[in-house]
1. What dipole magnitude, in Debye to the nearest 20, does the chain give about its Cα centre under +1 on Lys/Arg Cβ and -1 on Asp/Glu Cβ?
2. Whose amide H sits under 5 Å from the amide H of residue 5, counting only residues 5 or more places off or on another chain, with H placed in the peptide plane?
3. Run lengths n ≥ 4 of DSSP H only: what is the helix-derived mean residue ellipticity at 222 nm for the chain, with -39500 (n - 2.57) per run over all residues, to the nearest 500?
4. How much net charge surrounds residue 67 when only the other residues with a Cβ under 15 Å from the Cβ of residue 67 are counted, with Lys and Arg +1 and Asp and Glu -1?
5. Once you compute Rg and the Kirkwood Rh from C-alpha atoms, what is the Rg to Rh ratio for the chain?
6. Grab every C-alpha pair in the range 18-117, bin the distances at 5 angstrom width from 0 up to the longest one, and report whole percents.
7. Averaged over all directions, how much area does the convex hull of the C-alpha atoms of the range 11-58 cover when projected, in nm²?
8. Per residue, how large is the accessible surface of the chain? Use a 1.4 angstrom probe and give square angstrom.
Amino acid sequence: MNVMVVGGGKLTYFLAKTLLSKGYAVTIVNRTAEERTELARALNATVIHGDGSDPQTLEDAGAGSADAVLAVTPNDQDNLAICQLAELRFGVPRVLALVNDPDNEDVFRQLGIRGAFSTTRILATLIEQKAAFEDVTNLIPVAEGKVNVTEVVLAGDSPVKGKLLKDVPLPENTLVACLLRGGNPIVPRGATVLEEHDRVILLTLPENHGEALRVLTGDTE
């Protein structure tokens, strides 16, 4: 897969490093000459000096043959322009935009950038859920924030410990997708008995997420 990353700083460096470790071909577009040199020396990636919001720069960098373009600059206007150009002018099948100001997230989607994500919003949600529910170890919003994927560890005082899954009063539109028990994955059925230390992978909608967590953990706050 050919991936183009437009941006700079540590985020671009570590993102490109991770993609390269997975065997992807990575092209970085960076407007700062000094930073471009550092990235070229540190990474086995093609590094292009230029403004990623400029159509000619994207064309010269090979946007026409990219499988994905990731716009991760600190400027939301640039990230929007980069993704719109990549998708509409160069036909890139996958575009992803960092939204620095979470208030702009809906604007990006209204303008056609479905792969817009706000790290601020994601972190705020993680902190909120972690503070409210001690046994929640992971929370990832997917499908543009319309679905939550959560990992919940069942403690010894969990109200559902020892119950059959079919007898657990989970709210509507909630699914226990998987259990991790002793490091082994289990695809649960109604007759599956929930045990202490089970790691429950839970799919919920945002509106019933809190209620589902309370059923599994017994927390009321």
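1. On the way: 20 positive and 30 negative charges, 156 e Å.
About 760 debye.
2. Here the answer is 27, 28, 29, 70, since their amide H atoms fall under 5 Å of that of residue 5.
3. Dividing the helical sum by the residues of the chain leaves -9500 deg cm²/dmol.
4. Taking every Cβ under 15 Å from that of residue 67, the sum is +1.
5. Expressed as Rg/Rh, it is 1.09.
6. Once binned at 5 Å, the Cα pair distances of the range 18-117 give 2, 14, 23, 24, 20, 12, 4, 0.
7. That works out to 3.2 nm².
8. 54 Å²
The values are calculated or read from the model by the stated rules, or taken from the named source; none is laboratory data. Remember, predicted model here, so these are calculated numbers, not experimental data. Reconstructed Cβ throughout: ideal geometry from the backbone, glycine too, with neighbour counts over all protein chains shown. Keep in mind that these areas ignore ligands, DNA and RNA; they rest on the heavy atoms of the full protein, side chains included. Shrake-Rupley method; radii C 1.70, N 1.55, O 1.52, S 1.80 Å.
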